[in-house]
Structure formats: structure tokens, C-alpha cells
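Notes for the one structure printed next.
The values are calculated or read from the model by the stated rules, or taken from the named source; none is laboratory data. None of these values were measured; they are calculated from a predicted model. All Cβ positions, even for glycine, are placed from backbone atoms using ideal geometry, and neighbour counts span all protein chains on display.
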Amino acid sequence: MIRTLLYVLGGIFLGGIIHIAVVLLIPDFANRDAWTSMGRFGPDGAFHILPMSEPGTEPLPYLDPRLAHAACRFSLDDGPIRIKAAMPDEFWSLAVFDRRGSNVYSLNDRTAERTDIDLVLATSLQLTKLRENPVEALDQSIVIEIPATRGFVLIRAFVTDSADTNRVNTALKAAQCSAPLETAPAPPQPAQP
Amino acid sequence: MRLLIDLAIAIAVAALVGFGSAVLVLDRDSLFGAVSRGPWTAWPDSGSPDADPYSKAILARSGEVPLGAGEGIAFLSDHDSTGSRLSGRCNYEVSGQTPPARLWTLTAYDGDGQLMRNPIGRTEFASREILRREDGSFAITLSPDVVPGNWLPVDRDANLRLVLRLYDTPLTSSGVGDAVLPAIMRGSCR
């Protein structure tokens with residue numbers, strides 16, 4: 001009897017370990033998390049406009065029905081990525097999340113102090129390389145270190161009224177999630193005589 | 001034989017305790033990091049790398065994308081200012097002041113967090129478009145029936161959940177502190 005009780009105690013102890021493991025591993029294995037859900041909207045590496053939240057058709061839970069959203073899943077495996085977008089002159093905000101859904105970076109149109117978005121996302125290793133060999137085209141870019149190789153970006157833009165929807169959607173459609181780091185190849189230097 | 005039975009008991013107990021407790025905890029709103037002001041609750045750390053593991057797991061299961069600190073903050077309410085559950089059977093008036101923010105929206109959901117169908121297709125109000133009194137204060141009326149003024153239609157047979165989203169607000173950097181949020185007063189019920 002006492003022996004069985006010991007096994008039960010052991011089971012409870014093991015249950016505690018399972019509890020901790022489940023809680024810690026869920027962000028990597030959940031199948032309804034934001035990262036997985038965003039895969040529905042199109043291939044990775046490009047922004048996709050999410051349908052406006054309406055009763056019965058909400059692309060993601062608890063998105064503001066008054067804001068237009070564009071999402072992009074990215075991977076840094078093939079090098080840093082550059083995000084460019086020309087945004088309308090109204091409230092917008094952008095947030096970068098890692099694969100597990102942690103918010104790595106966020107800004108809005110006022111903190112950005114400009115109406116266009118120009119971000120470079122890089123891992124710490126890629127960032128070191130970028131610092132060693134600066135790319136001139138990135139002078140004006142905001143460079144962000146991402147502590148993961150996969151993640152997603154969500155742009156939110158305020159829609160003032162239904163007539164404004166097209167303007168906002170046009171801006172979001174033109175948003176680039178994998179813009180080239182160098183806008184144009186540097187012209188060859190003339191040989192010194 | 002005895003050993004096998006004991007082992008089976010231990011494993012059954014472990015699975016029950018481990019998975020059962022995890023599901024129980026993760027099926028609810030986040031326990032930690034909640035900041036409440038009146039009927040409103042916000043989770044400023046939700047989605048941040050500093051969030052506790054439970055909040056992260058709950059977020060991953062819900063599939064929400066929380067507002068980043070640079071975007072804004074969302075306050076949620078299931079109750080009126082007296083603490084009663086919000087119900088579509090009653091009228092409510094959301095009124096008063098909002099903390100400073102460049103833009104805010106007030107959205108009505110049912111108890112499951114879904115937007116509600118209604119004849120005028122309105123699910124939210126934005127700060128720019130509400131009718132205000134002369135002193136700048138406002139009142140938004142939640143009701144299943146048409147009411148004059150700022151009418152936010154709701155389903156009669158649903159529990160309600162309100163979400164007030166403040167965009168570009170100092171609350172995200174300085175903390176919620178003693179921010180004053182709108183009151184939710186119950187009117188007539190049926």
C-alpha cells in the first residue's frame with residue numbers, strides 16, 4: 001500500500017514536470033498560433049493583406065475591425081531582409097514578432113517620424129557583418145536585430161472611412177517584405193590614370 | 001506484476017496531473033501581469049519577450065497578435081463598473097474620458113470574442129467619429145435596440161466583451177499608472 005502511494009507521489013512529481021514541459025513547448029508546437037495562421041494568407045517573404053475583420057470572418061482573433069492589416073512571414077536563413085512601404089498619412093503601426101509570437105520591435109508613424117517604412121531585419125551575426133561592410137543604401141534604414149531566424153511582421157493602418165479603404169489597401173499591397181538591400185548596384189569607379 | 005500496476009498508476013497520475021493542470025491553466029485569460037483600472041484590464045506585457053511562460057503559451061493557443069509597446073495598448077472588459085457580467089439583455093453606457101492617445105477604438109465582441117452581426121454593420125467606434133458633448137466627453141450606448149447618439153449594436157442573447165484599444169499612447173511607456181478609463185454603467189434590462 002505504502003509502495004503504491006509512493007508511486008502515486010512519483011506520478012504527481014512527474015506530472016509537474018510534464019506541466020512545465022507542456023507550457024514551455026506550446027509556443028513552438030501550437031497549431032493555431034499567429035505564425036501558423038498567417039501561413040494561410042499566402043507564401044512567406046511577401047506581405048499579404050488580411051481581410052477586414054467582420055462578423056463571422058475574422059482573419060485572426062481580436063484584430064481591430066477598424067484597422068487594415070498586412071502580414072508577412074519572414075526567414076533570415078538566406079540573409080537579412082529589408083522591409084519597405086510607403087504608408088498613408090494616417091495612423092499606422094508596425095510590429096515584428098519572432099516565431100514564438102514574442103514582440104521584438106514595434107513602432108508607429110509618429111515614432112518613425114516619417115511616412116515610409118524602411119527596416120532591415122538581421123540576426124546578430126548578419127548585423128555584425130553589415131556593420132563591417134556597411135551598405136550605403138541602408139543609411140536611412142532602421143536596422144533591427146532579431147533573436148530568431150523566423151518570425152512575422154504585422155502592419156496595422158487606420159481606415160478613416162470606407163472610402164479610405166482603397167487608399168490604405170493600395171499602400172499595403174505595395175509593401176515589400178524582401179526588398180533588395182542595395183537599391184542599385186554601385187556604378188563602377190573610373191580607373192585612375 | 002505488482003510493479004507493472006504501480007508503474008501504470010504512476011504514469012496515469014503523471015499524465016492526468018501534467019496535461020490536466022496545463023489545460024486548466026491555459027484555457028483562461030492570463031493570470032499574470034494583468035493591470036486593472038475599474039472594469040478594464042490590460043496585459044501590457046502580453047507578447048513581449050519578458051512575458052511569463054504561461055502568458056506566452058496562452059497567446060500561442062489563442063493565435064492573437066497583441067499590440068506592441070510602440071503601437072498601443074488594449075483594455076478588455078467583461079463587466080460593468082459595478083462588477084456585473086456584461087450581457088446583451090441590458091443597455092450600457094460607456095462614458096467619461098479616455099487616457100491620452102492619438103487614436104482609440106471601442107469594439108464590442110460576444111463572450112467568445114467574436115464580432116456580432118447587426119443590421120447597420122457597426123462593430124466599433126473610433127475616437128474621431130463619435131459625437132461628443134461640448135466639454136469633449138462622450139457616451140457610447142450599447143444596446144440590441146436602436147438608440148439615438150453613438151449606438152453600438154449588440155446581440156440580445158450574448159454575453160459581451162468590450163475592447164478599448166489606445167493607439168500611440170504614453171501609457172505604453174510610462175505605465176498605466178492612475179489612468180482614468182471610461183465608466184461602463186448599466187441601463188435598463190429586459
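Scanning the stretch B:109-126 for residues that are more than 10 Å from every other protein chain (Cβ to nearest Cβ) and either free of Cβ contacts under 8 Å to residues at least 12 places away in the same chain or in contact with a strand residue (DSSP E or B) (Cβ under 6 Å, 6 or more places away or on another chain) (or both) returns a single hit, B:Gly111.
Taking each residue of the stretch B:38-50 that is without any contact (Cβ under 8 Å) to a residue 12 or more places away in the chain and looking for partners that are hydroxyl-bearing (Ser, Thr, Tyr) with beta-carbon atoms closer than 9 Å, six or more apart or interchain, yields B:Pro49/A:Ser102; B:Asp50/A:Ser102.
Quick check on my filter: what residues within the stretch A:33-60 are touching a residue at least 40 places away in the same chain (Cβ under 8 Å) and at the interface with chain B (Cβ under 8 Å from one of its Cβ atoms)?
Our first condition is that a residue be touching a residue at least 40 places away in the same chain (Cβ under 8 Å); within the stretch A:33-60, this holds for A:33-35, A:38, A:45-47, A:49, A:52.
Within the stretch A:33-60, A:Asp33, A:Ala34 meet the criteria.
Test B:Leu152 against the criterion of being within 18 Å of B:Ser36 (Cα to Cα), touching a residue at least 24 places away in the same chain (Cβ under 8 Å) and within 18 Å of the chain's Cα centre (by Cα), and give yes or no. Criteria not met by B:Leu152.
Whether any residue in the stretch B:77-87 is closer than 21 Å to A:Tyr105 by Cα, surrounded by 15 or more Cβ atoms within 10 Å (Cβ to Cβ), under 14 Å from the mean Cα position of the chain (by Cα) and more than 7 Å from every other protein chain (Cβ to nearest Cβ) is what I want to check. Even if it seems obvious, please write down each step before you answer.
Looking only at the stretch B:77-87, we keep the residues that are closer than 21 Å to A:Tyr105 by Cα, and these are none.
Within the stretch B:77-87, none of the residues are closer than 21 Å to A:Tyr105 by Cα, surrounded by 15 or more Cβ atoms within 10 Å (Cβ to Cβ), under 14 Å from the mean Cα position of the chain (by Cα) and more than 7 Å from every other protein chain (Cβ to nearest Cβ).
Conditions (1) surrounded by 15 or more Cβ atoms within 10 Å (Cβ to Cβ); (2) within 20 Å of B:Pro39 (Cα to Cα), marked per residue:
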{"residue": "B:Met116", "(1), (2)": "yes, no"}
{"residue": "B:Ser127", "(1), (2)": "yes, yes"}
{"residue": "B:Arg133", "(1), (2)": "no, no"}
{"residue": "B:Phe138", "(1), (2)": "yes, yes"}
{"residue": "B:Ser143", "(1), (2)": "yes, yes"}
{"residue": "B:Arg156", "(1), (2)": "no, no"}
{"residue": "B:Arg165", "(1), (2)": "yes, yes"}
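Provide a single number: the residues in the stretch B:118-143 that are closer than 26 Å to B:Arg85 by Cβ and under 20 Å from the mean Cα position of the chain (by Cα). Looking only at that region, the number is 9.
B:Ser55 meets all of the listed conditions (1) among the hydroxyl-bearing types (Ser, Thr, Tyr); (2) outside any strand (DSSP E or B); (3) more than 13 Å from chain A (Cβ to nearest Cβ) but one, namely (3).
Can you tell me which residues in the stretch B:59-75 are of a type in the set (A, V, I, L, M, F, W, C), in contact (Cβ under 8 Å) with a residue 40 or more places away in the chain and crowded, with 21+ Cβ neighbours inside 10 Å?
Of the residues in the stretch B:59-75, the ones of a type in the set (A, V, I, L, M, F, W, C) are B:59-60, B:65, B:67, B:69, B:73-75.
Still in the list and also in contact (Cβ under 8 Å) with a residue 40 or more places away in the chain: B:67, B:69, B:73-75.
Result: B:Leu67, B:Ile73, B:Ala74, B:Phe75.
Here A:Ala137 clears all of (1) touching an Asp or Glu at 6+ places or on another chain (Cβ under 7 Å); (2) at pLDDT 80 or above; (3) small (Gly, Ala, Ser) except the condition numbered (2). Going through (1) at the interface with another protein chain (Cβ under 9 Å from one of its Cβ atoms); (2) assigned to a loop (DSSP other than H, G, I, E, B) one by one, B:Asp29 falls short only on (1).
On inspection, B:Thr98 fails the criterion of being more than 26 Å from B:Gly177 (Cα to Cα), among the hydroxyl-bearing types (Ser, Thr, Tyr) and either outside the structural domain of B:Pro182 (by TED's automatic domain parsing) or crowded, with 18+ Cβ neighbours inside 10 Å (or both).
For B:Ser62, the stated conditions do not hold, so it cannot be described as more than 7 Å from chain A (Cβ to nearest Cβ), of a type in the set (Gly, Ala, Ser) and touching a Lys or Arg at 6+ places or on another chain (Cβ under 9 Å). Taken over the stretch B:89-108, the criterion of being more than 14 Å from chain A (Cβ to nearest Cβ) and among the small types (Gly, Ala, Ser) is satisfied by B:Ser95, B:Gly96.
Note on the stretch A:8-30: residues that are under 18 Å from the mean Cα position of the chain (by Cα) and either more than 7 Å from chain B (Cβ to nearest Cβ) or among the aliphatic types (A, V, I, L, M) (or both) total 2.
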